[in-house]
Every structure is written in structure tokens, then in C-alpha cells.
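Visitor: Pasting in a structure now, in C-alpha cells, and then I'll have a few things to ask.
The values are calculated or read from the model by the stated rules, or taken from the named source; none is laboratory data. Quantities reported herein were computed from a predicted structural model and do not represent experimental measurements. Here the Cβ is made from the backbone with ideal geometry for all residues, glycine too, and neighbour counts use every protein chain on show. To get the accessible areas, we keep the full protein, side chains included, count just its heavy atoms, and leave off ligands, DNA and RNA. Shrake-Rupley method; radii C 1.70, N 1.55, O 1.52, S 1.80 Å.
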Amino acid sequence: QVQLVESGGGLVQPGGSLRLSCEASGIIFSIYIMGWYRQAPGKQRELVATITSGGTTNYADSVKERFTISRDNAKKTVHLEMNNLKYEDTADYYCNARLYSHTTGSWGQGTQVTVSS
């Protein structure tokens, strides 16, 4: 059974930084595409960043140059380093694990990020 547990969310001021982590279990982590998605109040869930088993990354335009996704296969963990946070980054952030890009995959329970002064 796949389990994804996110951590690292919280309240941060605009311009600040946070690091999200997602620890996976129940999967052969190294072969999975790992991703971060977010859902703001009243909006649909959207892609933030993904990283393939080979380390290829993909980012939403809104977070490029500010966010960095990385993975540690030995620890079965994926991270999202978020810098220069903006009000519009406020959302629940979800970790996703999928074998193939066209599949839905599995989701974590989410971690809340609030950017506020």
C-alpha cells in the first residue's frame, strides 16, 4: 500500500522560504515520477513541479526560478524548496507518486502553506 506523508508546511511572510518534504513507503521509490501539486481555496489542483526517476524536472511557469524539486532515493523522499514566496503561493500542497505520466498515481494528505504578512 502506497503511503505518502508530507511535512514542512506553515506560515511564512512574503519573500520567505519553506522546504516541503514527502516521505514515501510501499513503493519502489526510485522508479516513480514524483510530483508536488497545490490547491488554493476555491481553485482546482494544479501542478507545481515533477521529477522523474532519472532526475528530469518540470515546473509550472509561476514557480520557475523560485522553487526547486529534488529527490533522495535512498531515503524515499522528495523535497520542494520554495524561495521568494508570494501571497499567491498560499495553498494546500500535495505529494504525488506515479509510475507513468498518464496515470493519476497516489496522493498524500497534503500540507498547508500560508504566505501572509
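Visitor: In whole percent, how big is the carbon plus sulfur part of the accessible area of the chain, probe 1.4 Å, protein atoms only?
Guide: 46
Visitor: Give, in nm to one decimal, the length gained when the segment between N83 and K64 is fully stretched (0.36 nm per residue of separation minus the Cα-Cα distance).
Guide: Value of the extension gain: 5.8 nm.
Visitor: On to the next question. In square angstrom, what is the accessible area per residue of the chain with a 1.4 angstrom probe?
Guide: 54
Visitor: How about K76: which aspartates and glutamates have a C-alpha closer than 14 Å to its C-alpha, ignoring those fewer than 8 places off in the same chain?
Guide: E6, E23
Visitor: Which of the listed residues, G16, I69, I27, is farthest toward the dipole's positive end in the chain, when Lys, Arg count +1 and Asp, Glu count -1 at the beta-carbon?
Guide: Going by the Cα projections, it comes out as I27.
Visitor: From the square roots a ≥ b ≥ c of the eigenvalues of the alpha-carbon gyration tensor of the range 7-49, which class results: rounded (a/c under 1.5), prolate (a/b over b/c), or oblate?
Guide: oblate
Visitor: Okay, next question. Only Lys, Arg, Asp and Glu count, each charged at its Cβ (+1, +1, -1, -1), so figure out the dipole size of the range 53-107 about its Cα centre, rounded to 20 debye.
Guide: That gives a dipole near 260 debye.
Visitor: Could you grab the relative contact order for the chain? Cα pairs under 8 Å, six or more apart, rounded to a whole percent.
Guide: That works out to 36 percent.
Visitor: Here is a further query. Expressed in nm², what is the orientationally averaged projection area of the convex hull enclosing the Cα positions of the chain?
Guide: Spelled out: convex hull of the Cα atoms, projected over all directions, averaged, 6.7 nm².
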